[in-house]
Amino acid sequence: MPAWSRGPEGTVPGVVPVELLVARTDTYAVLVGGLLVYPTGFDFDLAVRRRPGRPREYRDHHERSWDDHLRLEVRFADGRAADNDFRRWPRTSGDQAPDPPLLYQSTVGDDGGHVWLWGLPPPGPLTFACQWPARQIPPSQAELDAGLILEAAERARTLWPGEAPP
Amino acid sequence: MSFFAMPAWQPPSGYRIPSWLRPPDGMVPGIVPVELLLGRTDTHALLITDLRAYPTGVDFALTARRHPGQPHQRRDPRRPHRFAYHDLRLELRFADGRNPSTDSRRWPRTFETEEPDPPFLYCHGAGGSERGWRSRHWLWGLPPPGPLAFVCQWPPGRIPRLDVEVEIDAGLVLEAAGRAASVWPAMEPDEDSER
């Protein structure tokens with residue numbers, strides 16, 4: 001797999017000790033956490049929590065369009081942004097790295113998913129924004145100091161020193 | 001009804017995963033600010049990451065990574081139907097001598113229906129590929145102050161042989177649990193006992 005599509009497997013990531021509450025309605029909450037930072041980007045979990053006691057909404061996945069899913073956008077302080085709409089991904093060959101940032105959500109489900117963001121943010125606020133009209137989650141956002149990401153990237157270390165990163 | 005006829009749709013059974021088998025849904029956890037390299041050989045490395053603390057316990061991930069230069073060997077050559085990582089065994093050692101483990105032979109028989117005495121270490125998800133293995137664990141019950149050791153081993157005879165232990169200060173876990181907050185502050189305490 002190309003280096004831009006996931007974190008380097010030969011590296012111990014740096015942990016960002018933050019869990020962000022990005023959206024909350026009376027029934028749902030959206031959290032970003034598990035931020036693991038590498039020199040080339042960062043992984044995180046996108047978690048959708050349903051308030052205990054509230055009924056589940058059952059839908060046939062085959063009948064759902066992309067607009068029925070949770071939309072996520074990550075915005076850098078310099079104006080660049082990436083989102084989880086795979087229809088807007090750049091078309092590149094495997095060897096040609098796209099311009100960062102690129103957001104790749106590797107798992108998608110009613111409970112959220114796992115996300116890889118290729119590229120580190122510049123210093124300043126890093127914004128996580130989401131909305132899910134089908135679940136009545138309005139446009140919502142939370143900010144994180146990108147310095148925490150950059151400091152965690154500095155703590156990342158090579159698992160097998162002396163070897164070129166994969 | 002014909003053998004091939006689909007049964008009528010039934011509403012969900014209402015089964016609720018008990019609170020001792022999973023983190024609470026209604027809480028934002030406190031993050032434990034550590035990244036742990038448990039052990040490393042020429043071919044594999046074991047990490048503990050994603051430590052998230054709640055008032056009732058700790059959720060974390062155990063990750064096995066394969067050296068990028070190693071040939072793909074995801075299965076135990078002696079038992080090719082099993083992932084080689086399947087037999088990784090994890091134990092936590094508390095300062096007071098208690099030592100919850102993923103060894104299910106040590107679990108009470110009724111752990112799925114009756115609340116066990118904490119601490120109780122439960123694996124609530126695992127998966128992998130030829131690149132490695134990742135399992136998520138829920139520790140029901142917080143450790144006491146003092147050293148908290150993570151001990152991991154492959155049974156003798158597995159390749160590679162690994163028997164590793166790393167300690168952290170349990171105070172980091174307890175402080176993080178103190179930072180956990182309710183997602184819905186008005187929620188009744190017993191609301192989160194269902195799913």
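Here are some notes:
- Of residues in the range B:22-69 being of a type in the set (Val, Ile, Thr) and assigned to a loop (DSSP other than H, G, I, E, B), the one farthest from the other protein chains (Cβ to nearest Cβ): B:Thr56
- Of all residues in the range A:28-56, none satisfies the criterion of being free of Cβ contacts under 8 Å to residues at least 12 places away in the same chain and hydrophobic (A, V, I, L, M, F, W, C).
- Sole residue being crowded, with 21+ Cβ neighbours inside 10 Å, touching a helix residue (DSSP H, G or I) at 6+ places or on another chain (Cβ under 7 Å) and at pLDDT below 90, chosen from B:Ala84, B:Ala64: B:Ala64
- Of everything in the range A:35-45 that is under 19 Å from A:Gln141 (Cβ atoms) and at the interface with chain B (Cβ under 9 Å from one of its Cβ atoms), the residue that is surrounded by the fewest Cβ atoms within 10 Å (Cβ to Cβ) is A:Asp45.
The values are calculated or read from the model by the stated rules, or taken from the named source; none is laboratory data. Keep in mind the model is a prediction, meaning the values are calculated, not measured. Note: ideal-geometry Cβ built from the backbone for every residue, glycine included; neighbour counts use all protein chains shown.
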